[in-house]
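Heads up, the thing below is written out as structure tokens.
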Amino acid sequence: MAMEWITAIDKRPCDRNLRDCELISCRLRRVEPLCRLPGSALQQLAMCGFYEDLEKGVTLFRAGEQGRYWYAVLGGQLEVRYHAADTKDGKLSVTLCNLGVGATFGESILHDLPRDSTVVTKTTCELLRVEQQDFRLIFEKNKELMNDIITNCRLKNGFGQSMQTTSTVQTNVQQQPSPTKKQLSPDHPNPAAPITEIPSPAMSRMGWALRTLLVSDNTSCLKDRKVGGKFIRKCAPGTELVEWLLNLSPIVHTRTQAAGMWQALLEEGVLCHVAKEQPFKDKCFLYRFKSDEDGTAGGAPTSDDVNHANEHIREALPALLHRGPDATLRMILRKPSHERTQEELELVYEELLHIAALSHLSTSIKRELASIIVFEAHAHAGTVLFNQGDEGRSWYILLKGSVDVVIHGKGTVATLKEGDDFGKLALINDAPRYTVMSGTPQKMLEHLLETRLGGQAGPNDPFLDDFLLTHIVFMPTPLLIDELAANYHADADIDLRQASEEDQEYFLTSKRRVVQFIQRWVLAVRHAVFDDPLAVEFIEELATDVEAEPALQEEASIIHHVLTQLSRYQEDRQMNATQKWKLPPNGQPICLFSGNTHSKTVIRPDDDIIFRVYCADHTYCTLRFPMATTAEVIKACAADKLQIARLPEDLLLVEVKSSGERVVFKDNDVSLPTALSLNGRIFVSPKDHLDALTPLPEQELPTDAPDVDFEALSTKDVAYHMTLFDWDLFWAVHEYELLYHTFGRHHFNKITSNLDVFIRRFNEIQYWVVTEIVSTTNLTKRMSLVKKFIKLAAFCKEYQNLNAFFAIVMGLSNTAVSRLSMTWDKLPSKFRKLFTEYEALIDPSRNHRAYRMSVGKLQPPVIPFMPLLLKDMTFAHEGNKTSLDGLVNFEKMHMMAQTMRAVRFCRSRHLVLDPPSPKNENEIRNYIRCFRTIDNQRVLNSMSQKVEPRRS
């Protein structure tokens, strides 16, 4: 584990992955006082902190310098020095204090103040260094805790609120409570305090018997002592109490056993530390019985008392001996992490092996838990551990007793028993209560509405966004609308005049959360909500209800904003209601029939498209259908027009590719014309004549394209216009289309036309590169063309058009091009080297690690490598079941949503590029929209052999 953490923190923050941050966070949790920070703050420190391993005598900064960093000490010691006024020997350096493990310093960067002292390493040191900008963000989010940590560090080292030594500050220090006496939080319970309000009868009786024997023995250790000027009655050092118990009975064999037995009495309040600061320790700390502390012990014991005490001890001492180990474990669990010794950690780890709730965790995680898990006791029934909607901070395992789970408006919904656990999410991030691994759609929505709206979710909690992006897989919109309506109208059968104030507030909160859900839904998936008539009807009904409720004024404003967006969308739809597309017969890309190519245009399900359908003898008919038309309808219509006398069930609709490959469409497939390959054609055929289908002669020829000399065009201008064109295609792709493509359009009856066109564009660029090179017979021109394509790839990379960049480099790597050794030998070494770098960037090894690292450093706008995103979606889909034991596998949904979020991030800013010279602008625009391509690899290889025959 140590090596893993060192490897993780040695990385630059930008290179760390989630596992690295978890390891660093675990290490920081062991450092007091950093362990008091919430998980989100530790995660942020892990993400942005730099590790410094410094030798002795290194000066971090000097007094008067402007600060740039905040530091936390992970190991070693540092000196804080103050340089006094000049003397005849120069400045006098005074050591103000030493900083040890857990100390923090450098907070002057919050206010841009100069350093007021000099800090030098006294020993070899390990430090966590955080830059000013990052520290300010962390400080603002955790102001109270950070202020507390900084103040305590100053107090511990002898300073007040600032690094000054005035008498006023010194007085304030005396008035401040000692950091060790500060009230500990529930996350760090006081190990010296009892865990019960009153002792159990058995422990009270045992305490009485032991005290009776101690007091009756004149030579025993229990004596009146003077401590710190105060007179303490009947107290004894822990070491002597252990020795006395060892001599009392032969069943107590070791000092550890004896100490555990005394700790069992201390944790129930029968025994206590004189200053209430220590659990029981086999050391010279003074302890006394509670009855002596509160004066209820009574007089000297009689001989009958002694006899009864001896008799009771013979019978009950084995039970106390048995309780000792458990008491010792609880004492360890109530100690701060950094105070636990290696032996104690091993003891806790061995105990964790027997807890059923942890059985699924790995050994390394259990060892990490041993250092951070704490014991918490609640003596009173009815104690509230946390309220519904509270920020989740702890994961609980129930060792004894029971816990009721209560939901507002529903009462007790579950009772948890010994061995149950709850609140797991707090070990991962700050999200309220718990993360969702699986569940029914209805329960997940219910949980989401109750815990993820109204500002309850933590900054790192993606559950709501995951749900909104993927609900169509497991909860179709009609079902979602029904559930939202049921939540909004939860009070429909209730007489609110007779309902309690708490229930009335609950119903009002439910309405607010449904409105907030609608707002977030529209924000997350945009127009997909407005495309559904049921969703639109529900939003309009909701607006009427919200306006009629005086207590929902803020929600009325939200719903009005949603209605404004809906109105604008509907106006835009109306303007483009008569949109028609065409799929030209000679393989050119799909285009608007109207010829409008100067604006971003989304292909919609009800848009018409004109295309051809062929039969085996290559005769065809021309059809016009909406994009959402099924293959079954197209098949029947085409067969009728082509006079194929077969029943519909005996017919197939097929794509025949230029290579001769045949792909059969399912009857419920939609958006077929846009899903064709570059030179593919749609055929209708009887099932028993499928083998008779052959490509059209023109399918082996290049697609039709403008007759333009590519070499005469400016490479940068071509890259610029390609990027603008590709951006418009990418902008039109909705994130939902990735789901439709992955799970199958027929499952949703939804089109993927915008995604189809964008994928087609990638293939078009790739084969354009190959086609142009193998069509050039002159060696010098061919070499010049290769060079121009490498330059084009460089400009596309500069414009962050990674889809085109990949397509160009993959085209140059195609076997028909890579085998042209004479061409590559003639290429200048500078371009060969550049191309080698580009090949390394698109290297698919280690799951495209080189590309992923490169794109991870980019800021939007970015046109991503879409085939890889689709591969990620496919792997997540095929490698994980959608449902487990009848429950939705929400971990799979999260993986899907991560990829969809990557698409959203890439276009989270508008594309703005400096335009090149206006020379040949229209010519270049027309050229880049429709490249000349051959997608038949056999034909391309043959052309390559002709321009550079294989050497014998």
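The values are calculated or read from the model by the stated rules, or taken from the named source; none is laboratory data. Since the structure is predicted, the reported quantities are computational estimates derived from the model, not experimental observations. Cβ placement follows ideal geometry from the backbone for every residue including glycine, while neighbour counts extend to all protein chains displayed. All accessible areas refer to the heavy atoms of the entire protein, side chains included, with ligands and DNA or RNA removed. Shrake-Rupley method; radii C 1.70, N 1.55, O 1.52, S 1.80 Å.
Solvent-accessible area per residue for the chain at a 1.4 Å probe radius, Å²?
Using a 1.4 Å probe on heavy atoms only, each residue of the chain averages 49 Å².
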Problem set entry | Along the chain, longest interval not containing exposed GluC sites (Glu not before Pro), exposed being DSSP loop plus at most 16 other Cβ atoms within 10 Å | 662-952
For this session: Rank 949, 908, 817 by how far each Cα sits towards the positive end of the charge dipole of region 813-952 (+1 on Lys, Arg Cβ; -1 on Asp, Glu Cβ) and give me just the farthest.
Result: 949
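Find how much the distance from residue 551 to residue 405 grows on full extension, using 0.36 nm per residue of separation minus their present alpha carbon separation; answer in nm with one decimal. Provide the component values of the computation, followed by the final result.
Values: separation 146, 0.36 × 146 = 52.56 nm, distance 2.91 nm.
Taking 0.36 nm per residue and subtracting the Cα distance, the gain is 49.7 nm.
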Seminar exercise, completed: Residues meeting the amide H criterion for residue 285 (H placed from the backbone, H to H distance under 5 Å, 5 or more places apart or on another chain) are 238, 239
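So, with +1 on the Cβ of K and R and -1 on the Cβ of D and E, and no other charges, what is the size of the charge dipole of the chain about its Cα centre, to the nearest 20 debye? All intermediate terms of the calculation are to be shown ahead of the outcome.
Numbers: 111 positive and 123 negative charges, 761 e Å.
Using Cβ point charges on Lys, Arg, Asp and Glu, the chain gives about 3660 debye.
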Exercise. When only C-alpha pairs under 8 Å and at least 6 residues apart count, what is the relative contact order of the chain, in percent?
Worked result: 7 percent
Exercise. Quick one: if you stick a label point 7 Å off each Cα along the C-beta vector at residue 394 and residue 574, how many nm between them?
Worked result: 5.9 nm
For this session: Distance from a point 7 Å along Cα→Cβ of residue 249 to each backbone N in region 313-345: keep the residues under 17 Å and list them by number.
Result: 313-328
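Hey, with R₀ at 35 Å, roughly what FRET efficiency would residue 437 and residue 132 work out to, going by the Cβ-Cβ distance, to 0.05?
Working: r = 39 Å, r/R0 = 1.11.
Once the sixth-power term is evaluated, E becomes 0.35.
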Problem set entry | Inter-centroid distance (Cα atoms) of region 488-566 relative to region 185-245, Å | 62 Å
Problem set entry | Under the Karplus curve 6.51 cos²θ - 1.76 cosθ + 1.60, θ = phi - 60°, whole-Hz ³J(HN,Hα) for region 208-218, x wherever Gly or Pro sits | 4, 5, 5, 5, 4, 5, 5, 5, 6, 8, 4
For this session: Enter the Cα centre distance for the pair region 666-702 and region 727-794, rounded to the nearest angstrom.
Result: 20 Å
Exercise. Do any trypsin sites (Lys or Arg not before Pro) in region 617-702 lie in a DSSP loop with no more than 16 other beta carbon atoms within 10 Å, and if so, which?
Worked result: 646, 666
Exercise. Between residue 668 and residue 845, what length comes free when the chain is fully extended (0.36 nm per residue of separation minus the Cα-Cα distance, one decimal in nm)?
Worked result: 60.0 nm
Exercise. Relative contact order, percent, of region 671-763 when contacts are C-alpha pairs under 8 Å separated by at least 6 residues?
Worked result: 37 percent
Problem set entry | J(HN,Hα) series, region 611-624, from Karplus relation 6.51 cos²θ - 1.76 cosθ + 1.60, nearest Hz, glycine and proline x | 7, 10, 10, 9, 10, 4, 8, 6, 6, 8, 10, 9, 10, 9
Exercise. Under a 5 Å amide H to amide H cut-off, with H placed in plane at 1.01 Å, what residues pair with residue 642 once short-range neighbours are removed?
Worked result: none
Seminar exercise, completed: CD proxy, 222 nm, the chain: helix-only mean residue ellipticity via -39,500 (n - 2.57) per DSSP H run with n ≥ 4, per residue, nearest 500, stands at -14500 deg cm²/dmol
Problem set entry | region 511-599, relative contact order [Cα under 8 Å, separation at least 6], % | 21 percent
Seminar exercise, completed: Ranking 602, 720, 415 by how far each Cα lies towards the positive end of the charge dipole of the chain (+1 on Lys and Arg Cβ, -1 on Asp and Glu Cβ), the top one is 720
Exercise. Measuring from a point 7 Å past the Cα of residue 619 along Cα-to-C-beta, which residues in region 645-671 have an amide N at less than 11 Å?
Worked result: 645
For this session: Work from the charge dipole of the chain (Cβ charges, +1 for Lys and Arg, -1 for Asp and Glu, about the Cα centre) and give the residue of 671, 774, 652 farthest towards its positive end.
Result: 774
Exercise. Per residue, what volume in Å³ does the convex hull of the Cα atoms of the chain enclose?
Worked result: 279 Å³
Exercise. What FRET efficiency do you get for residue 882 and residue 704 if R0 is 45 Å and r is their Cβ-Cβ distance, rounded to the nearest 0.05?
Worked result: 0.55
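Give me the net charge for the shell around residue 635: Cβ to Cβ below 13 angstrom, other residues only, Lys and Arg +1, Asp and Glu -1.
Working: positive: 641, 646, 666, 687; negative: 632, 640, 649, 650, 655, 667, 669.
With Lys, Arg at +1 and Asp, Glu at -1, the net is -3.
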Problem set entry | Length released on extending from residue 62 to residue 642, taking residue separation times 0.36 nm less the Cα-Cα span | 199.9 nm
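Roughly speaking, to the nearest percent, how much of the chain's 1.4 Å accessible area is carbon and sulfur? If you can, show how the numbers build up before the last one.
Values: 23890 of 46660 Å².
Roughly 51 percent, rounded to a whole number.
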Exercise. Loop-only check: which trypsin sites (Lys or Arg not before Pro) in region 868-911 are DSSP coil with at most 15 other Cβ within 10 angstrom?
Worked result: 881, 909
